[in-house]
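Okay, structure first, notes after.
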Amino acid sequence: MPNNNKKHRVVITGLGLVNPMGHDVETVWQGMMDGKSGIDKTTIFDASTFPSTFSAEVKNYDLAKHTKKPQLHKDSNRGSSFVIKATIEACTQAGIDVETDNPTDGIDRTKMGIYLGAGEGSVENEVFFRAIAKAWDDENNKMDWGKWAQVAFSQMSPMCELEQEPNMPAAHVAMVTGARGPTRSCLTACAASTQASGEAMMMIRQGYADIMIAGGAHSMIHPLGVTGFNRLTALSTRNDSPQTASRPFSASRDGFVIGEGGAALIFESLESAKKRGAKILAEIIGYGSTADAFRVTDMHEDARGAIAALNAALKDAGITYKDIDYISTHGTSTSENDSIETKAIKGAFKDQAKNIPVSSVKSMMGHLIGVTGAAELITCVLALRDNIIPPTMNLNDPDPQLDLDYVPNKPRKADLNIVINESFGFGGQNNVIIIKRFTD
Amino acid sequence: MTGRRVVITGFGAISPLGMTADDLWIGLSQGKSGIDKIKAFDPVNFTCKIAGEIPDFKIRDFIPKSFRKSTKLMSRDIEIAIIAAKEAIESSGLITKGIDPENINVDPTRFAINIGAGLISCDLVELAPAVAKSLTDGEFDLKKWGRDGLNAVTPLWLLKYLPNMLPCHVGIIHDIQGPSNTITCAEAGAHLAIAEAAQIIARNDADIALAGGVEAKVNPVVMIRQCLTKRTTDQNNDNPTSACRPFDADAKGSVFGEAGAMLVLEEARHAKDRNAKIFAEITGTGSSNNINPAYENLETDGTGIRIAIEQALNEAGISADELDLIIPHGTGIAADDKAEAAAIEAVLGSAVSKVPVWPTKSMVSNTGAAAGAVDMVAAICAMENKMIPAAINCENKAHWCNLNIPTSQQNADIKYVLSCSYTYGGQTAAIVLKKFDS
């Protein structure tokens with residue numbers, strides 16, 4: 001068969017978001033325009049003695065207020081519960097019927113798929129730790145699996161066990177939308193939902209689907225998740241000032257702030273969007289994906305993989321680095337990421353690097369791990385829509401080594417036509433998406 | 001495929017039937033079962049005490065010396081991925097950094113990796129000493145954990161359990177710098193990962209890809225999950241080899257296990273230019289969802305599976321009756337097997353009496369995210385050997401099953417094979433392989 005890999009243009013026709021700054025797209029966006037923070041003391045569990053006592057939680061969230069079928073989703077993990085609402089919001093904007101067995105939107109469900117970057121659900125903490133405590137024989141340094149199984153069988157919930165599987169958020173999205181087209185879920189650490197979005201776009205471009213629900217779901221705000229990141233010394237421990245703790249690109253940055261959320265974007269072939277009369281919010285024109293193949297613990301010191309991903313996305317879009325108006329960075333507020341990401345931008349954008357505004361919304365919403373890329377892609381669409389760049393908050397003491405235009409502390413008006421979203425993940429995962437203001 | 005042609009030039013498998021793809025095929029063709037009493041831990045009080053376990057191995061024997069330090073960061077899933085990947089690459093004739101750094105014959109930037117991976121459960125024995133430091137009057141105390149227990153957890157602990165560490169470790173050893181993805185769709189993961197890798201080559205984002213699936217399910221945390229959700233048989237602990245009975249009237253549930261299987265996918269011209277042996281071509285992929293309010297099981301008519309199979313046949317440009325073999329998911333969970341049988345029958349129509357449907361989990365066990373890749377290797381071996389082995393543990397087909405399940409070994413000139421899978425939650429997948437025709 002001929003190589004005909006660009007046969008369909010892909011546009012965005014719906015957005016949905018639940019994150020620490022709000023339960024819908026416009027609330028989150030307004031918060032970013034106001035430079036608000038979604039970060040505060042952790043309440044999901046008692047983190048008062050942990051090295052990091054704060055996080056970016058989705059607050060006062062009740063899925064039952066957003067779904068017609070709360071019973072169907074009653075066992076969903078936190079990530080699933082967020083992406084269910086985000087999906088309903090995105091589909092509603094795009095004119096796709098949800099939560100019905102008899103949709104009247106004229107969309108062939110076998111040509112509507114799902115691609116999420118989604119994380120695992122939390123263990124049932126109390127039972128999980130109690131079972132270990134009961135079964136551990138400290139003298140002989142071994143587990144008594146019989147005792148452990150007894151506690152497990154009497155106290156663990158089968159559905160909670162099932163809902164820990166990372167494919168479950170996609171399962172809930174399928175139940176909400178009736179999607180019967182190509183469906184996948186991936187988990188490439190902090191780059192997952194950008195990778196999911198890129199691959200979802202490719203599914204439409206290659207003709208496998210007309211519509212894809214792309215996005216992500218994740219929450220690692222639980223004792224084991226925070227333990228893992230604290231032990232890696234990846235989290236900020238600025239416990240006396242949670243709201244200023246996420247300070248990407250500043251000299252005093254000391255780690256990221258763990259967050260959670262759910263994000264959904266409706267991707268659609270241009271033909272389908274036109275046929276349905278859907279409002280087109282932006283066009284996705286490029287995607288690049290690479291691996292560092294360097295170390296599981298560190299990013300490549302010269303940003304080799306990140307630069308390759310940026311260049312691949314530019315090539316895929318058929319544009320050059322001079323065409324980019326804004327970069328939404330991964331900008332985690334860790335020492336390593338922010339300096340290597342700056343290196344990557346300099347490597348790919350050469351003489352233009354210092355002229356392109358770049359910012360990190362993680363300064364406000366925290367780092368949503370698997371779902372962060374899709375949440376940030378949504379902010380890119382809104383930046384294009386409103387011709388405004390969301391700020392990097394808490395940037396009061398710039399790192400002298402980092403000398404790009406980070407759009408510090410307040411949003412900035414700008415004529416935006418093409419913007420880039422970057423995501424990088426543990427293990428050396430690099431994913432980049434380019435979107436463009438839609439013109440026919 | 002839509003775009004460039006994608007062929008298979010290498011494969012590897014490590015499974016309860018042995019350490020290599022050859023072992024897998026010999027076991028399958030002799031009707032051997034790799035299921036036995038669990039050895040990895042004492043399953044006392046578990047409702048299911050049997051599983052498919054890989055023979056003993058030492059990961060140090062499978063990695064270059066310079067990587068030995070990193071074995072400390074490897075969960076069992078990662079180790080299995082490394083072993084399967086090594087065999088696959090060696091069988092393809094490609095020379096990577098991990099095979100021989102002096103004679104590399106691949107472009108690392110045109111090399112992709114895509115693995116279907118499971119939810120890697122943490123090693124409780126590793127966590128337990130930290131938990132023991134966090135007790136107040138014998139009960140777990142989260143405040144103490146935050147203060148004391150947490151610091152007893154090894155600093156890089158989390159990195160052992162991120163699913164993307166499978167392709168990352170393999171990618172570091174073999175220097176794979178192209179697109180790297182980890183599909184986490186449970187039992188449908190391997191097929192979906194292979195399909196995506198094929199699409200990446202077809203659309204010209206890579207020339208070579210290592211793709212497959214890996215999961216190590218035989219540990220207390222995963223096995224208790226299967227017991228709690230009642231997906232395991234609890235009635236066959238004394239008869240391990242006959243315990244897993246896909247499509248059989250006496251099926252009592254699945255038996256879980258561990259495996260890893262990887263394929264080397266390659267753009268057809270790239271393979272021909274280096275005179276590689278080409279085993280088969282991937283000509284069709286499909287994927288959909290089962291949608292069922294009781295989503296731990298499938299919808300009874302298997303609609304989501306049917307759609308995936310139809311898509312794959314459609315992309316391959318063939319009709320169902322052209323298939324020479326179907327390798328189904330066939331878990332031994334009667335309700336799910338019934339739904340899958342209904343889907344396959346709906347697609348095959350009158351050809352249902354003719355096309356052989358050969359389930360493998362009776363022998364290999366249900367290896368979760370590895371399952372689809374194990375079946376892809378089995379499909380290639382059947383093609384190569386021109387032979388469809390007999391199914392085992394299906395002496396009395398269930399009354400609802402009209403599939404043609406081979407009860408004796410048959411010679412067959414196989415041109416097209418379809419392999420499919422599905423998972424709890426709902427994702428489904430199907431792939432069509434075609435004997436390579438240059």
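The values are calculated or read from the model by the stated rules, or taken from the named source; none is laboratory data. These numbers come from a predicted model, not from an experiment. We place every Cβ from the backbone using ideal geometry, glycine too, and count neighbours over all the protein chains shown.
Can you tell me which residues in region B:143-180 are more than 7 Å from chain A (Cβ to nearest Cβ) and basic (Lys, Arg)? Of everything in region B:143-180, those that are more than 7 Å from chain A (Cβ to nearest Cβ) and basic (Lys, Arg) turn out to be B:144, B:160. Looking across region A:381-440, the residues that are surrounded by 17 or more Cβ atoms within 10 Å (Cβ to Cβ) and at positive phi come down to A:394, A:407, A:427, A:428.
Here B:64, B:43 are screened, and the one residue that is surrounded by 23 or more Cβ atoms within 10 Å (Cβ to Cβ) and either over 21 Å from the mean Cα position of the chain (by Cα) or within 13 Å of chain A (Cβ to nearest Cβ) (or both) is B:43.
Scanning region A:331-362 for residues that are more than 20 Å from the chain's Cα centre (by Cα) and on the phi > 0 side of the Ramachandran plot returns a single hit, A:350.
So that you can scan it fast, the table gives a plain yes or no per residue for (1) over 28 Å from residue B:163 (Cβ atoms); (2) crowded, with 24+ Cβ neighbours inside 10 Å:
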| position | (1), (2) |
| --- | --- |
| A:62 | yes, no |
| A:70 | yes, no |
| A:104 | yes, no |
| A:115 | no, yes |
| A:133 | no, no |
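Looking at residue B:198, is it more than 7 Å from chain A (Cβ to nearest Cβ), in contact with a Pro (Cβ under 8 Å, 6 or more places away or on another chain) and modelled with pLDDT of 95 or more?
Values: more than 7 Å from chain A (Cβ to nearest Cβ): yes; in contact with a Pro (Cβ under 8 Å, 6 or more places away or on another chain): no; modelled with pLDDT of 95 or more: yes.
Taking the combined requirement at face value, the residue does not satisfy it.
Of the listed requirements (1) farther than 19 Å from residue B:108 by Cα; (2) under 18 Å from the mean Cα position of the chain (by Cα), residue B:158 misses just one: (2). Six or more apart or on different chains, Cβ under 6 Å: which pairs go from a residue in region A:300-312 that's within 13 Å of residue B:110 (Cα to Cα) and within 10 Å of chain B (Cβ to nearest Cβ) to one that's of a type outside the set (S, T, N, Q) and in a helix (DSSP H, G or I)? Could you list them? Hits for this filter: zero, empty list.
Quick one: in region A:117-127, of everything that is assigned to a helix (DSSP H, G or I) and within 9 Å of chain B (Cβ to nearest Cβ), which residue is surrounded by the most Cβ atoms within 10 Å (Cβ to Cβ)? Among those residues, the one meeting the criterion is A:125.
Only strands (runs of 3 or more DSSP E) whose full extent lies in region A:322-440 are considered here, and the ones with at least 2 residues that are under 25 Å from residue A:188 (Cα atoms) and among the hydroxyl-bearing types (Ser, Thr, Tyr) are A:326-328. All conditions in (1) touching a helix residue (DSSP H, G or I) at 6+ places or on another chain (Cβ under 9 Å); (2) facing another protein chain (nearest Cβ under 8 Å) hold for residue B:120, with the sole exception of (2). Those helices (runs of 4 or more DSSP H) of region A:131-204 in which 2 or more residues are at the interface with chain B (Cβ under 7 Å from one of its Cβ atoms) and closer than 30 Å to residue A:265 by Cα occupy A:158-163, A:168-177. None of B:346, B:339 is over 26 Å from residue B:210 (Cα atoms), surrounded by fewer than 20 Cβ atoms within 10 Å (Cβ to Cβ) and not basic (Lys, Arg) except B:346.
Selection of region B:11-20 for residues being surrounded by 24 or more Cβ atoms within 10 Å (Cβ to Cβ) and either within 14 Å of chain A (Cβ to nearest Cβ) or not in a loop (DSSP other than H, G, I, E, B) (or both) yields B:11, B:12, B:13, B:14, B:15. Scanning region B:215-244 for residues that are more than 9 Å from chain A (Cβ to nearest Cβ) and of a type in the set (Ser, Thr, Tyr) gives B:232, B:233, B:241, B:242.
Within region A:401-416, none of the residues are within 30 Å of residue A:80 (Cβ to Cβ) and either more than 14 Å from the chain's Cα centre (by Cα) or outside the structural domain of residue A:19 (by TED's automatic domain parsing) (or both).
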